[in-house]
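The values are calculated or read from the model by the stated rules, or taken from the named source; none is laboratory data. Since the structure is predicted, the reported quantities are computational estimates derived from the model, not experimental observations. Note: ideal-geometry Cβ built from the backbone for every residue, glycine included; neighbour counts use all protein chains shown.
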Amino acid sequence: MPKQVPEIKLTEILKAVADIPQPASLDKIAGRLSSSLARRTLQRRLALLVSDKRLVAVGSGAGSRYQLPGAMVTGKPPPLATTDLDFRIRLSAAAKEIKRLVSRPPARRSPVGYDISFLDGYRPNVTAYLSPTLRRKLAALGQTTGEARPAGTHLREVMDRLLIDLSWNSSRLEGNTYSLLETQRLLELGENAEGKGAQETQMILNHKAAIEMLADHAAEIGFNRYTICNLHALLAENLLPDPAAGGRLRTQAVAIAGSVFHPLAAPTAIEECFDQILATASAIDDAFEQAFFAMVHLPYLQPFEDVNKRVSRLAANIPLVQRNLGPLSFVDVPHTDYTHAVLGVYELKRIDYLRDVFEWAYERSCARYSAVRQSLGEPDAFRLHHRERLKEVVATVVRDHMDKKAAATFVRREAEKLPDVNDRKRFAEMAETELTSLHEGNFARYRLRPAEFAAWQKTWR
């Protein structure tokens, strides 16, 4: 099997092309890279980007030139923000079409109801939402060890980080406004963030409880009523008007805000489809196909009164936990892309957009968790551009003995000073991630002395 090219290496090539007049020659692209690369290796990676339609080749052979899709053959490339290449999900033509259709005003979209044929048409290990090539790619990214280990071993190894990341990102996709540091402070110290509603706090705490269930019962979890209903009960605790609705299939009709999709209403039909989803998912052999199937069909059925998408995101981790693959934490997934991708399933029964989101999200998650990822320390253009400001922010937090609460406020205030509004959120998240990852083996890069770091550690709570 060909060696998997780390995504960050491909991203650096894309940035190099974006930074020079297009179409760009191989030599000019090579000159923009942070480290030397064998000519044939660069040619192979450019060919891969062309095959993925992330670059366009002009000419052939030694005279080949490369440009971004949509760029003119001559002149400069279209404007491209620094963060676009890092945080832009690579959308297929089908996904772009779905995005266009679901972005129209509701009045221009035709009302649709639940279609049982969408579920009936899926045959485990015959039907495949994910291509063999994509499944192999995700398996290579997610592999953590070649050894056979008990289910949930890897999850427990990264548990401290995952509790924060997955709780925060999944809640963020629901509109929760807690910051990363505020989430960490809540989960580790039980301290609520100022100005946040009780519902937001409860949502994050519920995620923690649900993730702990996956870890504690890794050998018993699966696509069965016990697991899915209990995941819902934990995620929905204290968030539903009827406390008894937690973990119970709904018996009433529900509506989805901003959508023209009308979920199934008959309780008997809901129960039958729910059991069919679980049986179908259980019969799927491939872990990633299982995970994606859950992300498609659990929200589409809406088996519970609310909290269905949260259940699907955690349920997607079930096969990954059982096989000790890297977890899916939805790090960096844009709220708009995720929402529109799910709408594409609801209203069009088309999975292309959600599949692109799933692939990209798993790449980002594995960059944080997989033991075999080798690209974690490679240069990042955004980080390089803001490296001095980042060092100053982190160093100030440490030297001023800030706790997590004070640091969250300080980081947010510093990020607001950036002139580009699109950079502010990413800078804040980057600074908070650096602070949560700071330890005795890396604090020197922020020009901190051992005594300063030791004194700060006593207040970092």
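Things to note:
- Pairs with Cβ under 7 Å, 6+ apart, first in the range 193-213 and under 21 Å from Val321 (Cβ atoms), second of a type in the set (Asp, Glu): Asn206/Glu237
- Helices (runs of 4 or more DSSP H) completely within the range 10-121 that count 1 or more residues being at pLDDT 80 or above and either of a type in the set (Phe, Trp, Tyr) or farther than 30 Å from Val342 by Cα (or both): 26-32, 39-51, 116-120
- Some residue of the range 177-187 being part of a helix (DSSP H, G or I), loosely packed, with under 15 Cβ neighbours inside 10 Å and in the same structural domain as Val307 (by TED's automatic domain parsing): no
- Residues (in contact with a Phe, Trp or Tyr (Cβ under 8 Å, 6 or more places away or on another chain), of a type outside the set (A, V, I, L, M, F, W, C) and surrounded by 21 or more Cβ atoms within 10 Å (Cβ to Cβ)) located in the range 324-336: Gly326, Pro327, Ser329
- Pairs, first within 12 Å of Trp456 (Cα to Cα) in the range 394-417, second part of a loop (DSSP other than H, G, I, E, B) and hydroxyl-bearing (Ser, Thr, Tyr), C-beta under 6 Å, six or more apart: His401/Thr459; Asp403/Thr459
- So Asn230, is it out of contact with any Leu (no Cβ under 8 Å at 6 or more places or on another chain) and on the phi > 0 side of the Ramachandran plot: no
- All told, Thr433 falls short of being free of Cβ contacts under 8 Å to residues at least 40 places away in the same chain, of a type in the set (Ser, Thr, Tyr) and assigned to a helix (DSSP H, G or I).
- Only residues that are of a type outside the set (S, T, N, Q), more than 17 Å from Phe288 (Cα to Cα) and part of a helix (DSSP H, G or I) were counted in the range 319-341, giving 5.
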